[in-house]
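Derivation of every value follows stated rules applied to the coordinates shown; laboratory data play no part. What you are looking at is a predicted structure, and each value in this text was computed from that prediction instead of being measured. Every residue, glycine as well, gets a Cβ built from its backbone with ideal geometry; the counts of neighbours run over all protein chains shown.
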Amino acid sequence: MDLLAHLRYFRAVAEEQHFGRAAVRLRLAQPSLSQRIQRLEREFGVRLFDRGRGGAVLTPAGRLVLAQAEPLLDAADRLQSVVGRLQDGEAGTLRAAVPDQLGGAAVAALLTTFRERSPGGELDLRELNSRDQVAELIAGTLDVGIVRHPNPAAGLAFGPILHQPLGVLLPSDDPLAAQPSVDLRALAGRDLAMPPRATAPALHDETLTACARHGFTPNTVRGVEGLEFTRALIMAGAGLVALIPEPAPAPGTIWRPLTGDPLTWRTSVAWRPGHDGPAVRIFAEAAFDALRTRGGMHTSVPEQQRFPRPVSEFAL
């Protein structure tokens, strides 16, 4: 016997004080409802209603059963509501990550959009490089992430690719800072600050290859992590520059776009196949919208750039 269902039938009869009206409310035939209440009475070993022409009145035992059943049914209703919200991606905790230098405005827009679309959901968001995100996604300690390509990660699914144009971060007093945009060839002889190769070998090599193709081969490449440390090194002079997406303005350095947009970072949402539940889909859609509207990203590849496609790519 489904005890919760039978208790709901019992509560409906108690509230209506009439089997006919309760049957209409429950969309059951009256004989079927009567049989279910009789089965509940046999299960409990007590009579729950005094039946008469005027309707159905709770017995003393029935009143006691109703008093004990009410909190149980209310708790079951709350549980069912929570489960429904979980199934819709509107509750529970989603473990997610974003790469560095995604941009404060884009991350804030992602958080806001996710909260709007999943008001009861919790987002456990961290900043991780793509290499660590891939490792955690495969291990199952991360549900979804935003990663950069090329990303040799067999066994993951990816959302649509977005392109984030790179520009050059210069000292504020650099002669190139007076120009509205900077040609890569004008950086010849400079040193280049980049994240260490170990954090994203394929992206590191791809960036240097694209720079060389457009006339810029750095004098030396310095492995640097963190935007603030990169800014400090550039402000110190010595001909160091960085190729990054547009950061928030800060004294001492200035960012200029590259002429012709020859370099972009390709970015997408990633998850494990078969683990793209409602919460993951809400995050993926929120990320796609936030990165386009507030992250300065676009979906089309600039004509100047001919990078290979990532290992696997799936539309949302």
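Remark on Trp265: its backbone amide H falls under 5 Å from those of Gln164, Leu166, a criterion applied only to residues 5 or more positions apart or on other chains, H modelled at 1.01 Å from N.
Spatial offset of region 200-220 relative to region 54-68 amounts to 80 Å, using the alpha carbon center of each.
With neighbours defined as other Cβ atoms within 10 Å of a residue's Cβ, the residues Arg21, Arg63 order from fewest to most as Arg63, Arg21.
Size of the chain: Rg and Dmax of its alpha carbons, in Å, are 30.9, 101. Each Cα pair under 8 Å and six or more residues apart adds its separation to the average, and for region 167-257 the resulting relative contact order is 50 percent.
Which value in deg cm²/dmol, rounded to the nearest 500, describes the helix-derived mean residue ellipticity at 222 nm for the chain, given -39,500 (n - 2.57) per DSSP H run of n ≥ 4 and division by the residue count? Before the final figure, lay out the partial values.
Working: 9 runs with 127 residues, N = 316.
About -13000 deg cm²/dmol.
If you run the Gaussian network model on the chain, springs between alpha carbon atoms under 10 Å, then out of Pro196, Pro60, Pro257 the most flexible one is Pro60.
Legend: P(r) of region 3-87 from all alpha carbon pair distances, 10 Å bins from 0, whole percents, reading 18, 48, 26, 7, 1. In this Cβ point-charge picture (+1 for Lys and Arg, -1 for Asp and Glu), region 167-257 has a dipole of about 160 debye about its Cα centre.
Among Gln68, Gln80, Gln179, the largest mean-square fluctuation in a Gaussian network model of the chain (Cα springs under 10 Å) belongs to Gln68.
Take every DSSP beta bridge whose two residues both sit in the chain; close to 60 percent of them are antiparallel.
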